[in-house]
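A.B. asks: First the structure, then my questions, so here it is.
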Amino acid sequence: MINYSRCILGILAVCLAMPAYPQIALEEIVVTAQRREQSLQDVPVSVTAFTGARLEQANVNEAADYLALTPNVSFTEGFSVGSRGLGIGVRGVTNNVTDENSFVNSIGVYIDGFSVASVPTGVANPQLQDIERIEVLRGPQGTYFGRNAVGGALNLTTRKPTDEVGAKISVSGESFESAGEQFGVTTVLNVPVTERFGFRAVAYYEDSTGLVENVNPGGNNSGHDYFVGRLNFAYTLGDTTEVNFLIMHADEDQGTDENVPSGVWDIDTVSSFGLGCNGAATGCNNNSTSPLTAPVDANIINGAPIGNWQTGNYNKTSRDLDEHNKNTTTLGVLNIAHELADGFVVKSVTGIIGATNSRLFDNDLLGGSTGLLRENEIDATSWSTELRTEISAERYDLIIGGLYADDIINRIDGVQATGPVFGPLTGTGMNRAPAFVIGLPGRVGAPPICLACVTKIYQTEGFAIFSDFTWRATEALDLTFGFRYTDETVTQTRSNRRVTTNAGDLRPSGVAERDFSDFAPRFVAQYQITDDVGVYANISKGYKAGGTALNNAGGNSDPALDRRLLSSPYEKETLWNYEVGFKSEWLDNRLRVNAAGFYLDWNNLQLESFRFLTPGDLTSNAEFVINVEDARAYGFEVETLAAISDRLSFSAAVGYLDAEITSDQTVQIKASFPVDLKGVTLPRSPEWTATVSAEYRQPVGLGEAWFRADYIYRDSQTTDIEGATYTQTSGRVTPAGTGFVPANPSGFPYVAPSYNVVNLRAGYEYSEGLSVTLFIENLFEEDYYTGTQEDFGLSGFRLRPHPRIYGANVSYSFGGI
């Protein structure tokens, strides 16, 4: 493996040896990591910032694009809300992604100061057209971004209206090698209606045929249609009050999922269908044998096998179902700032977001004949209001505030067995059920079933008070103490439908309500060695509420059996972050070097796990939250930016992370496998992350031509606790003897392998507002995937490909946009 620590030291040595160009200086980057505008170099937080200009030039349209450029930040794609769904990890702190029981996120996502991470329907990945900047904050952000920010926060700031009439239109096109194509158009309009009132309007439309071709005539393709509209209003009252109001609406309509079969069964599939036992070692039940000895080729029933990831299929799938993933999001954010006196400002942030998700997909991946189909309907609303005062004096800064928040998520879930394998459907909608079931261990001749048909309501309601006091002890030394006290009530309601067509076969309903509170302090010492070099030390605590998992105690589909509701509480998660860092500029502000080292210490880390309470009985499916008693992570990140000359600039970033579970603890995961957690690497925790970029600009005619190259490296990682412990389940019979997990020495696909990606971009910016950009992404056509979030099915895990992409963008603007 490449020694990236030596690489980064070599890079810094080259930069330090550069000759002096006093006329060149790096542009100052302004951030709001502490809820007020500050220079990036003055903030005692490890933060990576992207300006709007950089986002547009790099064709950054979604979170995965900028997260890939950020050290010690990882992500897995394929979350079940469409192609923009992500599971995010920061320094080993990960968002739970099933949103079945643990629905409070660990990574905060903020748009203009309002938290949108509480609605798990894809809204945490908004379209990024006309964005002022994005900040990725690492470590607990309890004082300023307390909601859902135990591991860090993504802080997005939209562009506000300006005092000049302006407009922009941008047209883009992309071609996915050996797959489809995509077209997009963006329009921006800025109007200062009066001296005190103006608005800025943004509209974006995207049409794509998708990354994956569906070869089955009975299903649809993986294309999508996206539309986003955004309005920003700015109003100034007198000389002391500013009002900003954001309205955003997004519609996302996608067909089948953009993934292909891996050809490797997951544990649940093996256990549920009695697979892999033929010829296996002793321990398999005789009744659990199956004629299937290997994953089903997704198109074998149609007579033309398409292969899987292992055999080189990266762009074809076979779905006989018209799948869909439809998301709608409506957002409103009101920001008010009123200056009571010099250095005394009152600010409020009030926002509401509503989101819906409708999903229908082929749950078994069988291809030629629908076996199991799943439907999800989600309707969620989140709102919060925050009021704070900011006092700035000669020797101190003081912030005091409070927040109230209420999140409600309504889910309707259902999995139906249908088709020639399971029999025809009877009934309509979520009450559909097959006439009979065959091939499931212990279920031959059983009544027809509706798997996991349930209605769930999640609610988190609470308040917080927070404060942050900075004392300028000397001209060079600042000392900060902050805290956030949080009090929350977490409620889960579960209403079960009929499991089979038997009138008496009902699963019980129930309600679980729990209260959680926490005091999370923050201590910072910041010392300015020179005007350009400063160091800091930070101790901060992060907190995430617990809850209760409600599941059916199971049995099988016989209605005479006990149908108790299983209540499984889990505790709040806390995290202490110990961090030291420095921020510096050298060579007359031509070289910027920022670095941080950290140590994280968890208590009751929350990880999700799924299993069937009764092996082989798909009606006994259950979602659990595992509290890992102790875990730790340590590492560092270094970022550097250099102006080599007035035409050439260079940047590099590297992150190192070692994150593992330290408690001596055994838990049950899929198929009720007991696994030992001690020493297991945390999911979404790649050891090394690195990026290197270079940009060259050259005046040509009446404008300027430019060329940019980006290199991205991501180490291997796993997606969840099942993947992280695969070595303990590989080559073993399931505990109940209902299946055999094939030996898997390579770890595929549980371990997403490391990858190297090179992106090239070139463009010309004409002085009259016209610009043209050409780009190639994944130049060397690296075949990689980031995670394994779609797993259950007879053809194996589904993996999202990343083909080489050719693209172009043409835009015209006037009025300073």
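The values are calculated or read from the model by the stated rules, or taken from the named source; none is laboratory data. Everything numeric in this text was worked out from a predicted model, so none of it was measured. No Cβ is skipped: glycine too gets one built from the backbone with ideal geometry, and neighbour counts run over all protein chains shown. Heads up: the accessible areas ignore ligands, DNA and RNA and are worked out on the full protein's heavy atoms, side chains in. Shrake-Rupley method; radii C 1.70, N 1.55, O 1.52, S 1.80 Å.
A.B. asks: So, of the residues in region 117-144 that are modelled with pLDDT of 75 or more and within 12 Å of the chain's Cα centre (by Cα), which turns out to be farthest from K168 (Cα to Cα)?
C.D. replies: Within region 117-144, the match that is farthest from K168 (Cα to Cα) is A117.
A.B. asks: Then there is this: Give the residue, chosen from V81, V47, that is under 20 Å from the mean Cα position of the chain (by Cα), surrounded by 19 or more Cβ atoms within 10 Å (Cβ to Cβ), of a type outside the set (F, W, Y) and modelled with pLDDT under 75.
C.D. replies: Of V81, V47, the one residue that is under 20 Å from the mean Cα position of the chain (by Cα), surrounded by 19 or more Cβ atoms within 10 Å (Cβ to Cβ), of a type outside the set (F, W, Y) and modelled with pLDDT under 75 is V81.
A.B. asks: Let me ask you something else. Could you grab me the full set of residues in region 645-677 that are surrounded by 16 or more Cβ atoms within 10 Å (Cβ to Cβ), charged (D, E, K, R) and under 16 Å from D630 (Cβ atoms)?
C.D. replies: Across region 645-677, the qualifying residue is only E660.
A.B. asks: Let me ask something else about it. Across region 757-798, which residue is surrounded by the most Cβ atoms within 10 Å (Cβ to Cβ) among those that are in contact with an Asp or Glu (Cβ under 6 Å, 6 or more places away or on another chain) and more than 27 Å from D268 (Cα to Cα)?
C.D. replies: N759
A.B. asks: Among the residues of region 575-608, what is the count of those that are within 30 Å of K678 (Cα to Cα), among the polar types (S, T, N, Q), in contact with an Asp or Glu (Cβ under 7 Å, 6 or more places away or on another chain) and touching a residue at least 40 places away in the same chain (Cβ under 8 Å)?
C.D. replies: 2
Residue-wise test of (1) at positive phi; (2) surrounded by fewer than 20 Cβ atoms within 10 Å (Cβ to Cβ); (3) of a type in the set (V, I, T).
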| position | (1), (2), (3) |
| --- | --- |
| W309 | no, no, no |
| H324 | no, yes, no |
| V333 | no, no, yes |
| D342 | no, yes, no |
| V349 | no, no, yes |
| T356 | no, yes, yes |
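A.B. asks: Mind listing just one residue for me: the one in region 220-246 that is under 30 Å from P261 (Cα atoms) and open to solvent by 20 Å² or more (accessible area, probe 1.4 Å) and, of those, farthest from the chain's Cα centre (by Cα)?
C.D. replies: N220
A.B. asks: Can you pull out every residue in region 84-114 that is out of contact with any Pro (no Cβ under 8 Å at 6 or more places or on another chain) and modelled with pLDDT of 90 or more?
C.D. replies: Correct list: V90, R91, G92, V93, Y110, D112, G113, F114.
A.B. asks: Being in a strand (DSSP E or B) and under 16 Å from N577 (Cα atoms), is that true of even one residue in region 605-615?
C.D. replies: Taking every residue of region 605-615 in turn, at least one turns out to be in a strand (DSSP E or B) and under 16 Å from N577 (Cα atoms).
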